[in-house]
1. Taking only region 174-193 into account, find how many residues are assigned to a helix (DSSP H, G or I) and either without any contact (Cβ under 8 Å) to a residue 24 or more places away in the chain or among the small types (G, A, S) (or both).
2. Out of the residues in region 157-183 that are open to solvent by 70 Å² or more (accessible area, probe 1.4 Å) and closer than 17 Å to V110 by Cα, which is farthest from the chain's Cα centre (by Cα)?
3. If the Cβ limit is 9 Å and pairs must be 6+ apart or interchain, which residue in region 15-36 that is closer than 19 Å to A115 by Cα pairs with which residue that is acidic (D, E) and open to solvent by 40 Å² or more (accessible area, probe 1.4 Å)?
4. Count, please, the residues in region 72-97 that happen to be among the polar types (S, T, N, Q) and modelled with pLDDT of 95 or more.
5. Of all the helices (runs of 4 or more DSSP H) wholly in region 42-149, which have at least 3 residues that are in contact (Cβ under 8 Å) with a residue 40 or more places away in the chain and within 26 Å of L4 (Cα to Cα)?
6. In region 5-26, how many are over 14 Å from L179 (Cα atoms), acidic (D, E) and open to solvent by 50 Å² or more (accessible area, probe 1.4 Å)?
7. For region 183-203, what are the residues that are at pLDDT below 90 and among the hydrophobic types (A, V, I, L, M, F, W, C)?
8. Would you confirm whether any residue within region 38-46 is modelled with pLDDT of 95 or more, open to solvent by less than 10 Å² (accessible area, probe 1.4 Å) and under 21 Å from A158 (Cβ atoms)?
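The values are calculated or read from the model by the stated rules, or taken from the named source; none is laboratory data. Predicted model only: the values in this text are computed from it and were never measured. All Cβ positions, glycine included, derive from the backbone under ideal geometry; neighbour counts span all protein chains shown. Heads up: the accessible areas ignore ligands, DNA and RNA and are worked out on the full protein's heavy atoms, side chains in. Shrake-Rupley method; radii C 1.70, N 1.55, O 1.52, S 1.80 Å.
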Amino acid sequence: MRALLGVELPGYRPVDTDAWLNDHGDVLSLHFFDLVPDLPAALDDGPALRHGLTHFTARAGGGLIEASVKRLGELPALRQILKLPLPGQPSGQAFIGSFTVPRATCSTVVKIQAAERGMTGMREAVVMAKLGPESYFRPHPYAPEVQGGLPFHAADHAQWDAEFPDHPLTRVRRTLDVLAEAVTVDPAFTALPPFAGPAAAGRG
């Protein structure tokens, strides 16, 4: 089922079914999951949703940068940005942005992934030098008690994107903004019963 329409974006060329690549090496992809969504809470329970996602991402070795609920077409969608270590590399990170549109028994996801290449850590070093270590590292706003994974810090904030326009995190945010305006949802997918949270799914 192709639930999201108009996903192809200028600057991206098709490389596979529902997968596109740009000149930076960023990968845009579309996924449909014929399974009950595994989200930790309903979309209208923001604190529980963000708290659960923070712990889930940390257990996977990454860090949740931001999560919010936005409209994609006519439906509410979970917008996430997270970071993961580059596999098999001593340094560097990949940044993943996504919109997840859950329904009661399935979901669709559009995802953008961008990785650091060449010299890594420049954004972080510049921001830490400006703020100092005491203001740079911060408790995670969604789950201050979270342990493990990649640390939450000031350099990932959107306020620094303008200073680092070609950084992969900046590119991920920019692509998500374009997707939010460009993507529409198939009416047949919109008509499916909505996702009401894991407790409701368990009762079903």
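1. 7
2. Among those residues, the one meeting the criterion is E181.
3. Between residues of region 15-36 that are closer than 19 Å to A115 by Cα and residues that are acidic (D, E) and open to solvent by 40 Å² or more (accessible area, probe 1.4 Å), the close pairs are W20/E8; H24/D166; L28/E8; S29/D16; S29/D18; L30/D18.
4. Here the count works out to 2.
5. 46-59
6. Looking only at that region, the number is 2.
7. A199, A200, A201
8. no
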